[in-house]
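Report on one structure; see the data block that follows.
Every number here is computed from the coordinates shown, using simple stated rules; none is lab data. The model shown is predicted, which means the values in this text are computed figures rather than measured ones. Methodologically, a virtual Cβ is constructed for each residue, glycine included, from the backbone with ideal geometry; neighbour enumeration extends over all protein chains shown.
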Amino acid sequence: MTNDVKNKRVCAVVGVGPGNGSAIARRFAREGYAVALLARTTDATRPLAQELEGARAFTCDVTDEASVRSSFESIEREMGPVHTVVYNAGTSTRGTVEEISPAMLEGAFRVNAMGLLVCAQQVIPAMKAQGDGNIIVIGSTASRRGVARTAAFAPAKAAQRSLVESMARHLWPQRVHVALIIVDGVVDLPKSRAFMSDKPDDFFIQPDAVAELAYRLTTQPASAWSFEVEARPFGETW
């Protein structure tokens, strides 16, 4: 880790796991960002922080407002103001309306919507003051329709999408780019491969491709910003 972290732009990746989160962190690090890696534990993020120059790992539970505030205070103190946030935290809550509990529904909302709100509120003042910044959210096609077994997940993702749109309408005029990536397909992870071992390589969404899309959103000229883009394998039915 170098000593000039505070001379770099800071990207905070919220929800760093073995798929999209790690890929996004690596992509921004390649562009010279100092990357803050946020996850509930540092089991996976500490080794990644050692791999990426200028990166640091922080423990953050997005369902706990105090945890989020503490994490972002540490980031600003140790690394400087956050220029870009990529919110990748999510849940895989599955079940029909007869199978889910109120606690499951509340939990999905806390991760997908409340956590995003609190994270955004930590960085918006500095972004507005600088007249520059990005908040990129990794969403899901579930935000557009509920199917039988997404009775908790779909409403939470729909709330997330509405929140992102409200944020964009409020913050774009203040030069803060807020954008949503709708992931429509199965992300290529070891557990996905094991569960769908009969599927070909091109069935899966590659995390590196999602990461590239997230980075490119932050480089768009302000005269032609995108709000919502889709990440979908070319063979996906839609």
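For segment 82-211, what are the per-bin percents of Cα-Cα distances with bins 5 Å wide, up to the bin holding the maximum?
Here the calculated profile for segment 82-211 is 2, 10, 18, 18, 18, 15, 10, 5, 3, 1, 0.
If you wrap segment 1-117's Cα atoms in a convex hull and average its projection over all directions, what's the area in nm²?
7.3
Please identify which residues in segment 50-89 have an amide N closer than 11 Å to a label point set 7 Å out from the Cα of Ala129, following the Cα→Cβ vector.
Zone members listed by number: 81-82.
Among Ser67, Ser223, Ser166, which one moves the most in a GNM of the chain with springs linking Cα atoms closer than 10 Å?
Ser223
Below 10 angstrom from the Cβ of Asp208, what's the summed charge of the other residues (Lys, Arg +1; Asp, Glu -1)?
Taking every other residue near Asp208 into account, the sum is 0.
Ignoring the sites themselves, what is the longest stretch of the chain with no trypsin sites (Lys or Arg not before Pro) in a DSSP loop and at most 16 other beta-carbon atoms within 10 Å?
1-93
Label segment 100-155 by shape, choosing from rounded, prolate and oblate, from the square roots a ≥ b ≥ c of the eigenvalues of the Cα gyration tensor; if a/c is under 1.5 it is rounded, and otherwise prolate applies when a/b is larger than b/c, oblate when it is not.
Taking the square roots of the gyration eigenvalues as a ≥ b ≥ c, segment 100-155 is oblate.
With each label point set 7 Å from Cα along the Cα-Cβ vector, what nm distance links Asp64 and Arg94?
In this crude label model, Asp64 to Arg94 measures out at 2.8 nm.
Applying 1/(1 + (r/R0)^6) with R0 = 35 Å to the Cβ-Cβ distance of Phe227 and Ala148, what FRET efficiency is obtained, to the nearest 0.05?
According to the calculation, E is roughly 0.75.
First select every other residue whose beta carbon is under 13 angstrom from the beta carbon of Tyr87; then total the charges, Lys and Arg +1, Asp and Glu -1.
+2
Counting helices only, and only those DSSP H runs with n ≥ 4, report the 222 nm mean residue ellipticity of the chain as the sum of -39,500 (n - 2.57) divided by its residues, in deg cm²/dmol to the nearest 500.
Mean residue ellipticity, 222 nm, calculated: -12000 deg cm²/dmol.
Could you tell me what fraction of 2.2 N^0.38 Å the Cα radius of gyration of the chain comes to, as a two-decimal ratio?
Rounded to two decimals, the normalised Rg is 0.98.
Counting Lys +1, Arg +1, Asp -1, Glu -1, what net charge surrounds Gly235 among other residues with beta carbon under 13 Å of its beta carbon?
So the surrounding residues net to -2.
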